[in-house]
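What follows is a short report on a single structure.
The values are calculated or read from the model by the stated rules, or taken from the named source; none is laboratory data. Quantities reported herein were computed from a predicted structural model and do not represent experimental measurements. Cβ placement follows ideal geometry from the backbone for every residue including glycine, while neighbour counts extend to all protein chains displayed. What goes into the accessible areas is simple: the full protein's heavy atoms, side chains included, and nothing from ligands, DNA or RNA. Shrake-Rupley method; radii C 1.70, N 1.55, O 1.52, S 1.80 Å.
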Amino acid sequence: MDFARLTLSGRHDRRFVLGIGFRHTKLTLYLFDRSGILTSKVLDVHKFPLHFLCVAVGIVLLNNPRLGYDPSFVHEVCVDEKGNEEQIEYLQVGQRKYKIEKELYVDRSMRGRGTVCLKVRRMDGLNKGKSCVVKDAWVDRSRVVKEVEMLKQLKDLKINNVPKLIAHEIVQVKLEAGKRVEDSTMLFRDSSMTMEIRDHHRLVIWPCGSPITHFSSLVELVSAMHDYVESKS
């Protein structure tokens, strides 16, 4: 379990973690995601050698999305204006690409929202080069009011001094048959289970603020507090 937690918190491109446990001749499959842990029935590999072979070969042949990787994160080698090669990581939200520059925040827990905040820079369009924040989170489907709905209302009301919603989507993944589906912990569960179901939401927000510890002067800090109070009035 510790390995799964460290993997999910240490890699922002992981959606879930698969595991195989052995005890003597008994084998158990595990799946760790943001709704908790799923376990298979215990399998005796001596009594069912073909089943064990199917598991071993299946793990080797699974594609990256089925192994728990998020296919929307892309690694590429680019050449800059000076001809130097650069390894970059970017993701696409809607029709826009965003280059990942820095990891701002990671929720270290395993079960829950698993929030990840990334500082990104837009790679195309009219606002190419603009810095934003991508917020990736697994939102409980039963939640009555979701963050994206509040941000849309603030945007419609033209409230100042609050983050502006640029884009939002529920991340999609492609299955083996080529069908694209919305990413959710429901992919591994059915309606009879009592665990909460979490959908994989992604927000693009502007501007990218600075932590309170990074203010260069007391004036900057007081100005930020003033803007916050003004936005609440």
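Below are the figures for this structure:
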read-out: Residue-averaged [θ]222 nm for the chain, counting only DSSP H segments that reach four residues, each worth -39500 (n - 2.57); value: -6500 deg cm²/dmol
read-out: Sites matching trypsin sites (Lys or Arg not before Pro) across segment 136-177 that sit in DSSP coil, with at most 10 neighbouring C-beta atoms within 10 Å; value: 158
read-out: In segment 1-78, trypsin sites (Lys or Arg not before Pro) in a DSSP loop with at most 11 other beta-carbon atoms within 10 Å; value: 41, 47
read-out: Magnitude of the charge dipole, segment 147-233, Cβ model with Lys/Arg +1 and Asp/Glu -1, debye to 20; value: 200 debye
read-out: Built amide H within the under 5 Å cut-off of residue 101, gap 5+; value: 119, 120, 121
read-out: Longest DSSP-loop-exposure-free segment, GluC sites (Glu not before Pro), the chain, at most 14 other Cβ within 10 Å; value: 82-175
read-out: Top of 61, 218, 29 by mean-square fluctuation, Gaussian network on the chain, Cα under 10 Å; value: 218
read-out: Paramagnetic reach from residue 46 (point 7 Å along Cα→Cβ, amide N under 11 Å) across segment 2-29; value: 24-26
read-out: Solvent-accessible heavy-atom area per residue, rounded to whole Å², over segment 194-233 at 1.4 Å; value: 69 Å²
read-out: Segment 32-103 - percent of accessible surface contributed by carbon and sulfur, probe 1.4 Å; value: 57 percent
read-out: ³J(HN,Hα) computed for each position of segment 121-136 - Karplus, 6.51 cos²θ - 1.76 cosθ + 1.60, integer Hz, glycine/proline x; value: 10, 5, 9, 8, x, 5, 9, 4, x, 6, 7, 9, 10, 9, 10, 10
read-out: Full-extension gain in nm, residue 109 to residue 179, via 0.36 nm per residue minus C-alpha separation; value: 22.1 nm
read-out: Calculated from backbone phi, Karplus (6.51, -1.76, 1.60) coupling profile of segment 33-38 in Hz, x at Gly/Pro; value: 9, 6, 9, x, 10, 10
read-out: (i) 6, 25, 31, 21, 11, 5, 1, 0; (ii) 7, 28, 29, 20, 12, 3, 0; (iii) 8, 28, 36, 22, 6, 0, with the label sought being that of the calculated P(r) over Cα pairs in 10 Å bins from 0, in percent; value: (i)
read-out: Under 12 Å, Cα to Cα: Lys pairs in segment 13-132, sequence gap 8 or more or different chains; value: 9
